[in-house]
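The values are calculated or read from the model by the stated rules, or taken from the named source; none is laboratory data. Source: prediction; values computed, not measured. With ideal geometry, Cβ positions are generated from the backbone for all residues, glycine too; neighbour counts draw on all protein chains shown.
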Amino acid sequence: MNISIVVPTYNEIESLPILVDKILDVFGTNDLDGHIIVVDDNSPDGTGKLADELSRRDGRIQVIHRTGKLGIGTAHIRGFRHGIDVNDSDLIFSMDSDLSHDPEYIPDFISMCDNGFDVVVGSRYIRGGGVENWGLHRRAMSRGANLVASTVLGVAVGDMTTGYRCYRKAVLQELDLDSIRSDGYSFLEEILFYCDQKGFRIGETPIIFVDRTHGSSKLSKAEMGKFILTLLRLRFRN
Ligand SMILES: Nc1nc2c(ncn2[C@@H]2O[C@H](COP(=O)(O)OP(=O)(O)OP(=O)(O)O)[C@@H](O)[C@H]2O)c(=O)[nH]1
Ligand SMILES: [Mg+2]
């Protein structure tokens, strides 16, 4: 199985080396032919430079540098293209770099794809899933956002805002990635909406999301506003 893991980074210098080691461990124990594609937006803390060092040590780590903070959505797309065009991977994952997404779950996503799913999302909101170390406010916000998103868009997925995902290559090849207008976090709901519209089978596998202990969040109020606007644009797009 040839897989690529797209990891967008912006100021994640402490977490990235730990994450990379964990992913490589999972590749080894599961006999996976895998690559890690770090997409760094010229992080002021030097994450991009560190990623280059890691890449020099192990060729399975690939690094894409962008000129500035262009958003998590376009970072995912840039990584997907590398996973398809350069690595020719069967499955392409996305995973946050702040250690909230445990690489130990990678085999669970793969078995869901083996069972016929085209897209698999790592879900906090199905049986067996959850969130560690989030306060009531953050829990309520995330839950609420997901309820609103799946209701407004009519997509039967419990966790539409999770960034831990796995797509079959054919899915990403068939979607018109250039037509996705969200550059930031709302990209996550937008691409899932198109997957559903195209009739791809979307599955959910439970994950325990662990709140970051290094670095700081990039999820701004502006991104939350764009989340609502994107829902409305997609809902009323015709
Ligand atoms: N390349 C790139 N990566 C980004 C950008 N914005 C966020 N990221 C990365 O995307 C991932 C998710 O961002 P987070 O800030 O952790 O968002 P979150 O998980 O919703 O928020 P927290 O729970 O506070 O961590 C992290 O790996 C970030 O470094 C961006 O503009 N460009
Ligand atoms: Mg995070």
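Some values worked out for this structure:
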quantity	calculated
Filter result for the condition that a residue is assigned to a helix (DSSP H, G or I), of a type outside the set (Gly, Ala, Ser) and in contact (Cβ under 8 Å) with a residue 24 or more places away in the chain, over 152, 157	152
Hits in the range 198-237 - residues which are of a type in the set (S, T, N, Q) and over 26 Å from residue 19 (Cα atoms)	230
Single match in 159, 176 (criterion: within 13 Å of ligand 1 (Cβ to nearest atom) and under 21 Å from residue 8 (Cα atoms))	159
Subset tally (residues that are of a type in the set (A, V, I, L, M, F, W, C) and in a loop (DSSP other than H, G, I, E, B)) for the range 190-214	2
Search result, residues across the range 208-228 that are within 8 Å of ligand 1 (Cβ to nearest atom) and either without any contact (Cβ under 8 Å) to a residue 40 or more places away in the chain or β-branched (Val, Ile, Thr) (or both)	217, 219
Checking residue 211 against (1) within 16 Å of ligand 2 (Cβ to nearest atom); (2) surrounded by 17 or more Cβ atoms within 10 Å (Cβ to Cβ), the condition it does not meet	(2)
Selection count, the range 209-227, where residues are in contact with a Gly (Cβ under 9 Å, 6 or more places away or on another chain) and more than 18 Å from residue 145 (Cβ to Cβ)	0
Residues of the range 185-218 satisfying the condition of being hydrophobic (A, V, I, L, M, F, W, C) and at pLDDT below 95	none
Tally, over the range 1-31, of residues that are within 15 Å of residue 87 (Cα to Cα), at pLDDT 95 or above and surrounded by fewer than 19 Cβ atoms within 10 Å (Cβ to Cβ)	1
Residue in the range 11-48 that is farthest from residue 105 (Cα to Cα), counting only those that are charged (D, E, K, R) and not in a loop (DSSP other than H, G, I, E, B)	40
Inter-residue pairs, beta-carbon under 7 Å, first over 16 Å from residue 92 (Cα atoms) and touching a residue at least 24 places away in the same chain (Cβ under 8 Å) and in the range 15-35, second part of a helix (DSSP H, G or I) and more than 16 Å from ligand 1 (Cβ to nearest atom), 6+ apart	30/107
Qualifying residues in the range 72-121 (those that are charged (D, E, K, R) and within 16 Å of ligand 2 (Cβ to nearest atom)) - the one nearest to the chain's Cα centre (by Cα)	96
Unique match (being touching a Pro at 6+ places or on another chain (Cβ under 8 Å) and crowded, with 24+ Cβ neighbours inside 10 Å) among 51, 75	75
Residue within the range 111-120 that is crowded, with 19+ Cβ neighbours inside 10 Å, more than 9 Å from ligand 1 (Cβ to nearest atom) and of a type in the set (S, T, N, Q) present	no
